[in-house]
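Engineer: My questions all concern the structure below.
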């Protein structure tokens, strides 16, 4: 019989609520810390690659509104000095965050990307896309041709829920480049590990400013079954 899944990860917790640490390891949740000391307990999910590899998982549309608000507040604060004029929202889990961030920045709208092809879309404004949580092939990312004029000549920021391998971010940047748009920054609710760094550095988009409300390491299970930051 499996253990019931704890629900506390959907809320903000006082500092030090979760037991464990980098040395002792974590059992089933990782505390992602905000600058003010509050923590978000994120469930630890083993990765399909095996070998004990795992990540702390943030599923933003399952979190409490307090968590959503805290992350949106932080992302908006990180972008406040970048003079961003338009927020580009990455589907699916980045849409809610981007909406909240754009409102906090005083914008009257945002530009959402899509994964569902509408009949008026142009295939020239699309790219294939994968992510750590949805690795299957065949998915595409689209930019509505009518939104290109909204982006033209403006300072743009990409907003998404999680940055992990960088695969989705690079797809977004390649798509925007097709519309002659070079974002000034990209911001995330969570930056997960560092595997994205070499991919971004080796791409035509090296130098893009990256911001994260919280940061978590990639994890690996030890012989005791507890998870610690992977080397």
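Engineer: Hey, does region 43-50 have a residue that's in contact with a helix residue (DSSP H, G or I) (Cβ under 7 Å, 6 or more places away or on another chain) and either within 20 Å of residue 221 (Cα to Cα) or modelled with pLDDT of 90 or more (or both)?
Structural biologist: For region 43-50, residues in contact with a helix residue (DSSP H, G or I) (Cβ under 7 Å, 6 or more places away or on another chain) and either within 20 Å of residue 221 (Cα to Cα) or modelled with pLDDT of 90 or more (or both): present.
Engineer: Give, as residue ranges, the strands (runs of 3 or more DSSP E) completely inside region 15-75 that count at least 3 residues that are without any contact (Cβ under 8 Å) to a residue 60 or more places away in the chain.
Structural biologist: Working: elements: 29-33, 39-46, 53-56.
Answer list for region 15-75: 39-46.
Engineer: State all residues of region 193-231 that are in contact with a helix residue (DSSP H, G or I) (Cβ under 7 Å, 6 or more places away or on another chain) and free of Cβ contacts under 8 Å to residues at least 12 places away in the same chain; if no residue qualifies, say none.
Structural biologist: Within region 193-231, 206 is the sole residue that qualifies.
Each row is one residue, and each column tells you yes or no for (1) assigned by TED's automatic domain parsing to the domain that holds residue 49; (2) surrounded by fewer than 19 Cβ atoms within 10 Å (Cβ to Cβ).
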| site | (1), (2) |
| --- | --- |
| 146 | no, yes |
| 151 | no, no |
| 156 | no, no |
| 165 | no, yes |
| 168 | no, no |
| 172 | no, no |
| 221 | yes, yes |
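Engineer: Looking at 187, 215, which one is part of a strand (DSSP E or B), closer than 22 Å to residue 144 by Cα and touching a strand residue (DSSP E or B) at 6+ places or on another chain (Cβ under 9 Å)?
Structural biologist: When all the criteria are applied, what remains is 187.
Engineer: In this structure, does residue 91 turn out to be surrounded by 12 or more Cβ atoms within 10 Å (Cβ to Cβ), out of contact with any helix residue (DSSP H, G or I) (no Cβ under 7 Å at 6 or more places or on another chain), in a loop (DSSP other than H, G, I, E, B) and modelled with pLDDT of 90 or more? Even if it seems obvious, please write down each step before you answer.
Structural biologist: Details: surrounded by 12 or more Cβ atoms within 10 Å (Cβ to Cβ): yes; out of contact with any helix residue (DSSP H, G or I) (no Cβ under 7 Å at 6 or more places or on another chain): yes; in a loop (DSSP other than H, G, I, E, B): yes; modelled with pLDDT of 90 or more: yes.
Criteria met by residue 91.
Engineer: Specify which of the listed residues (180, 123, 160) is outside the structural domain of residue 47 (by TED's automatic domain parsing), at pLDDT 95 or above and over 15 Å from the mean Cα position of the chain (by Cα).
Structural biologist: Residue meeting the stated conditions: 180.
Engineer: Still on this structure: Name the single residue, out of those in region 103-129 being in contact (Cβ under 8 Å) with a residue 40 or more places away in the chain and part of a helix (DSSP H, G or I), that is nearest to residue 180 (Cα to Cα).
Structural biologist: 125
The values are calculated or read from the model by the stated rules, or taken from the named source; none is laboratory data. What you are looking at is a predicted structure, and each value in this text was computed from that prediction instead of being measured. When we count neighbours, we look across all protein chains shown, and the Cβ atoms used for this are built from the backbone with ideal geometry, even at glycine.
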